[in-house]
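Take a look at the structure below.
The values are calculated or read from the model by the stated rules, or taken from the named source; none is laboratory data. If you're wondering where the values come from, they're calculated on a predicted model, not measured in any experiment. When we count neighbours, we look across all protein chains shown, and the Cβ atoms used for this are built from the backbone with ideal geometry, even at glycine.
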Amino acid sequence: MRYEDRVERARRLLASIEKNHSPTALASSFGAEDMVVLDLIARDGLAISIFTLDTGRLPQETRDLIAEVRHRYGLDIQVLTPWPGSVDSYVEQYGIDGFYEGVDERKACCAVRKVEPLRRALAGRRGWITGLRREQADSRAALNEVEHDAATGKWKFSPLADWTNDDVWQYLRANRVPYNSLHDRGYPSIGCEPCTRAVKPGEHPRAGRWWWENAGARKECGLHEIPIRVVETVA
Ligand code: SF4
């Protein structure tokens, strides 16, 4: 499929979400892909809200981008933070940087700072939109544009599922969309500051996420492991 067709297909899906699946929101971590989706939503004036999870450990560059997006687009961005008591409990049990001790300790931190706030964000909504792409990781290879979890009743939409990395950057540059300055410093994938580092040329784009863990480990934080399966293609 050509780049122009991919853009058009993503626009159609977003319009369909607004029409048929409201209230559904964009879950944005303000990475490159999320900025494409946000720009498409703003460009078409879609009534789709946007939220982000402020884990309390985000890099300053991400905070700066959120401020820039607010200013430039005039969008209302809902910010969800972890429950302070849950963070206190984690720190008491594992230490502030306990995630370096092992995968279980890391997942416990992600559960407190990301997964629980996501569940709160989704309460009362029919679904969520992500910037996930199949190309990003083996764990995302089976990703579909439209998925549904019968257990929770939530829809999950990934309008860029079949986009390439080049498509993403072509869109951002052609439309002068602001993006996280860390992308220009060797960070293809950006998460929390202590858990993300730049990758070397030729390394996998997600090699900088939780880099201390086994190279073959599943590099996911749990946000996208809520069991969801495919039910349909683009409306
Ligand atoms: S990415 Fe790191 S700091 Fe952020 S929630 Fe997960 S373990 Fe905690």
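Give me the residue from region 13-26 that is touching a Leu at 6+ places or on another chain (Cβ under 7 Å) and surrounded by fewer than 24 Cβ atoms within 10 Å (Cβ to Cβ) and, out of that set, farthest from K156 (Cα to Cα).
A15
Could you pull out the residue among V69, V79, V87, V7 that is in contact with a Gly (Cβ under 8 Å, 6 or more places away or on another chain) and modelled with pLDDT of 95 or more?
When all the criteria are applied, what remains is V87.
Please pick out the residue among T55, T62 that is outside any loop (DSSP other than H, G, I, E, B) and within 21 Å of G31 (Cβ to Cβ).
One residue alone meets the criteria, T62.
Can you tell me which residue within region 40-56, out of those that are of a type outside the set (A, V, I, L, M) and buried (at least 19 other Cβ atoms within 10 Å of the Cβ), is farthest from S158 (Cα to Cα)?
Of everything passing the filter in region 40-56, T55 is farthest from S158 (Cα to Cα).
Could you check, for region 122-131, whether at least one of its residues is within 16 Å of the ligand (Cβ to nearest atom) and among the hydrophobic types (A, V, I, L, M, F, W, C)?
Checked against the condition, which is being within 16 Å of the ligand (Cβ to nearest atom) and among the hydrophobic types (A, V, I, L, M, F, W, C), region 122-131 yields no hits at all.
For I96, which of the numbered conditions (1) without any contact (Cβ under 8 Å) to a residue 40 or more places away in the chain; (2) outside any loop (DSSP other than H, G, I, E, B) fails to hold?
Of the numbered conditions (1) without any contact (Cβ under 8 Å) to a residue 40 or more places away in the chain; (2) outside any loop (DSSP other than H, G, I, E, B), the odd one out for I96 is (2).
Under 9 Å between Cβ atoms, which residue pairs at least 6 apart in sequence (or on different chains) link something in region 188-213 that is under 23 Å from A27 (Cβ atoms) with a partner that is of a type in the set (F, W, Y) and more than 12 Å from the ligand (Cβ to nearest atom)?
What qualifies is I190/F30; T196/Y187; G208/Y187.
I need the full set of residues from region 111-134 which are in a helix (DSSP H, G or I) and closer than 20 Å to L26 by Cβ, in order please.
Those that are in a helix (DSSP H, G or I) and closer than 20 Å to L26 by Cβ: R113, K114, V115, E116, P117, L118, R119, R120, A121, L122, R134.
Consider region 154-176. How many of its residues are touching a residue at least 60 places away in the same chain (Cβ under 8 Å), assigned to a loop (DSSP other than H, G, I, E, B) and over 17 Å from the mean Cα position of the chain (by Cα)?
Number of matching residues: 1.
Identify, please: which residue in region 3-22 is part of a helix (DSSP H, G or I) and small (G, A, S) and is, among those, nearest to R133 (Cα to Cα)?
Only one residue fits best here, namely A10.
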